[in-house]
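Below is one structure; the comments refer to it alone.
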Ligand SMILES: Nc1ncnc2c1ncn2[C@@H]1O[C@H](COP(=O)(O)OP(=O)(O)OP(=O)(O)O)[C@@H](O)[C@H]1O
Ligand SMILES: [Mg+2]
């Protein structure tokens, strides 16, 4: 839980710093990036399928929406869940290759499952943010996802584990999660009623309530794990940095 929250807020914050940033909604059936940011996009990733083999900067620019408060560009998921299986992994690959060339940062929100499209995106990403919550099924599922990524030969160096709602008093502690995952925790995001209330208002909490602890935690992840790691590369004009979110609820 928290993938879309983190994807939208990280991307909106990075965009608000002035970096040319794209957020792609790869939750092809139930994507809710657009609604979370109060966008009514005319186009979606489904349109990219029609451009297969000839996707370029201009074509991509014609299907993204702009989130005015932050300047973030958004490529929405199809509005019809039936279109989800009409977006082949090869299209996702082409999309990410083109996007990486024309945006300083590309974020990808993912569905709860490791679909072929998600694995393709993982392959092409510089960083994978894995989100854990303090409940046993979520930790078990994240362990399975990590094992799957390992089996597929994904790099272990560019993974970061974030615990969402890390302050919940539910008997399981962040240290237990580290032990179960055999992976250290890089960042913790607190629970906050500001998260659902901002989603319901269609605003990014990181911009709307910048002083809240949840916004501070998200900014710190963006500054430390994304902008500090990849930012200087981006400033040199080589538009490379790429953040990816993936986790199991
Ligand atoms: N830190 C938090 N504090 C309070 N509520 C939160 C927090 N993070 C997420 N939530 C709530 O949990 C719900 C699910 O969050 P979100 O949509 O980000 O998860 P998700 O991983 O994208 O889910 P899905 O797999 O369904 O796409 C939302 O209603 C959101 O408001
Ligand atoms: Mg989601």
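Coordinate-derived values only; no laboratory data. All figures in this text were calculated on a predicted structure; none of them were measured in a lab. Here the Cβ positions follow ideal geometry from the backbone for every residue, glycine too, while neighbour counts run over all protein chains shown.
Among 152, 60, 142, the residue with the largest mean-square fluctuation in a Gaussian network model of the chain, with springs joining Cα atoms closer than 10 Å, is 152. Backbone N atoms of the range 152-170 closer than 12 Å to the 7 Å Cα→Cβ label point of residue 186 belong to residues 156-163. Normalised size of the chain, defined as Cα radius of gyration per 2.2 N^0.38 Å with N residues, equals 0.94. Connecting C-alpha atoms closer than 10 Å in a GNM of the chain, tell me which of 131, 185, 218 has the biggest fluctuation. It is 185. The length gained by stretching the chain between residue 223 and residue 175 to full extension, at 0.36 nm per residue less their Cα-Cα distance, is 14.9 nm.
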